[in-house]
Amino acid sequence: MEEKETLVMSKSRKQSLVAFGQAVIGPPGSGKTTYCLGMQEFLSAIGRKVAVVNLDPANEGIPYKCAVDISELITLTDVMENLKLGPNGGLIYCMEYLEANFDWLQEKLSQFRGHYFLFDCPGQVELCTHHSSLRNIFAQLDKWNFRLAAVHLVDSHYCTDPAKFISVLCTSLSTMLHVALPHVNVLSKMDLIEQYGKLAFNLDYYTEVLDLSYLLDHLASDPFFKNYHRLNQKLVEVVEDYSLVSFVPLNVQDKESMQRVMQVVDKANGYSFGNSEQRSLQALMSAAVGAEFHFTSTLAVQEKYIEPQESTVKQEDMDT
């Protein structure tokens, strides 16, 4: 009987040590640090204890309250000066150095038990598509009972350029396969989506990654891309064959939008709501949007941030 009680207590203690969080990744300028600040404030408002971990040795002037900062261990500036490396080589060296000093990271993280973690990662694309250090760091965190979801931020205005959007799809797919974490792709800066041009189709075409042959038709009208039609066709086929890439739209300034991303990430990393948090969430969202809160659909996001005239006409063309 005593053995059974001890086993139950040991199992309960092990479960209590599980930590949930997000590994925030994406190319430079996609809004990772701003996202961490916004998500930290949002989660704190609904009652979660949040610890933000800066894993970017080039990140200067951090706006959020930082629980753990890699700059205490190593900085990109020091590496570039002392080893005469460029920024890309320096970042890779920093990640390998962190990988070789897991004990430092473990000691720092152990001070924040019971917290929800946000890992602000470097923006060098190679770290998420080719190099193994960042993936090894995530694998080690998994051994320490961290349950993470990768939140991959992509600048939403790439949707206005078919060639760039196909490139973004390929990068997102490569990142998903390489990082090997539950994965959520996010279109960031939704309020600026049409800053560089109009969307050819409705927003759900891009978030759900619908029939990409229509994008190839748009590329065919460009003399430069017309010469690479077969290459683009094969890239599109790879994305469609895997059928893994989709996006969640995000505006960090919009509480509805932040809530929607949080809900998707919570499903991905396995985090479950507590009663007290649910009440705080409803109170926060009621204050933000009025009486009752309903999760926003892609159509609602489109109506808020995208002018309808041109995209509506082109969507009708696509339907026919």
Item checked: Residue match in the stretch 36-48 (condition: among the hydrophobic types (A, V, I, L, M, F, W, C), assigned to a strand (DSSP E or B) and within 25 Å of residue 176 (Cβ to Cβ)) -> no
Notebook entry, point to check: Restricting the search to the stretch 14-35, which residues are out of contact with any Cys (no Cβ under 9 Å at 6 or more places or on another chain) and assigned to a helix (DSSP H, G or I)?
Noted result: 14, 15, 16, 33, 34, 35
Notebook entry, point to check: Applying the selection to the stretch 108-136, what residues are without any contact (Cβ under 8 Å) to a residue 12 or more places away in the chain and either under 15 Å from the mean Cα position of the chain (by Cα) or more than 15 Å from residue 52 (Cα to Cα) (or both)?
Noted result: 132
Next item on the list: Given the conditions (1) part of a loop (DSSP other than H, G, I, E, B); (2) at pLDDT 95 or above, report the number of the one that residue 265 does not fulfil.
Entry: (1)
Margin query: Take residue 280 and tell me if it is assigned to a helix (DSSP H, G or I), at pLDDT 90 or above and surrounded by 13 or more Cβ atoms within 10 Å (Cβ to Cβ).
Written below: no
Note to self: Let me confirm something: among 87, 122, which residue is surrounded by 14 or more Cβ atoms within 10 Å (Cβ to Cβ) and in contact with a helix residue (DSSP H, G or I) (Cβ under 8 Å, 6 or more places away or on another chain)?
What the structure shows: 122
Item checked: Residue selected from the stretch 44-55 under the condition surrounded by fewer than 20 Cβ atoms within 10 Å (Cβ to Cβ) and among the aliphatic types (A, V, I, L, M), by the criterion modelled with the lowest pLDDT -> 46
Check: Can you pull out the residues in the stretch 49-76 that are assigned to a strand (DSSP E or B) and not β-branched (Val, Ile, Thr)?
Finding: 51, 54, 66, 67, 69
Check: Taking the stretch 175-202, which residues are within 14 Å of residue 161 (Cβ to Cβ) and surrounded by 17 or more Cβ atoms within 10 Å (Cβ to Cβ)?
Finding: 187, 193, 194, 199, 200, 201
Check: Quick one: in the stretch 203-213, which of the residues that are crowded, with 16+ Cβ neighbours inside 10 Å and hydroxyl-bearing (Ser, Thr, Tyr) is farthest from residue 185 (Cα to Cα)?
Finding: 205
Next item on the list: Please enumerate the residues belonging to the stretch 163-176 that are without any contact (Cβ under 8 Å) to a residue 60 or more places away in the chain and of a type outside the set (Lys, Arg).
Entry: 165, 167, 168, 174
Check: For residue 59, are the conditions met, namely being modelled with pLDDT under 95 and within 18 Å of the chain's Cα centre (by Cα)?
Finding: yes
Notebook entry, point to check: If you go through the stretch 141-163 one residue at a time, how many are farther than 18 Å from residue 248 by Cα and either assigned to a helix (DSSP H, G or I) or in contact with a Pro (Cβ under 8 Å, 6 or more places away or on another chain) (or both)?
Noted result: 5
Margin query: I need every pair where a residue in the stretch 198-225 that is closer than 14 Å to residue 157 by Cα has its Cβ under 7 Å from the Cβ of a residue that is in a loop (DSSP other than H, G, I, E, B), sequence separation at least 6 or different chains.
Written below: 199/306; 203/306; 207/246
Note to self: For the stretch 203-249, give me every one of the helices (runs of 4 or more DSSP H) that falls completely inside it and has 1 or more residues that are within 22 Å of residue 178 (Cα to Cα) and among the β-branched types (Val, Ile, Thr).
What the structure shows: 203-207, 229-242
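The values are calculated or read from the model by the stated rules, or taken from the named source; none is laboratory data. No experiment lies behind these values; they were computed from the predicted model shown. All Cβ positions, even for glycine, are placed from backbone atoms using ideal geometry, and neighbour counts span all protein chains on display.
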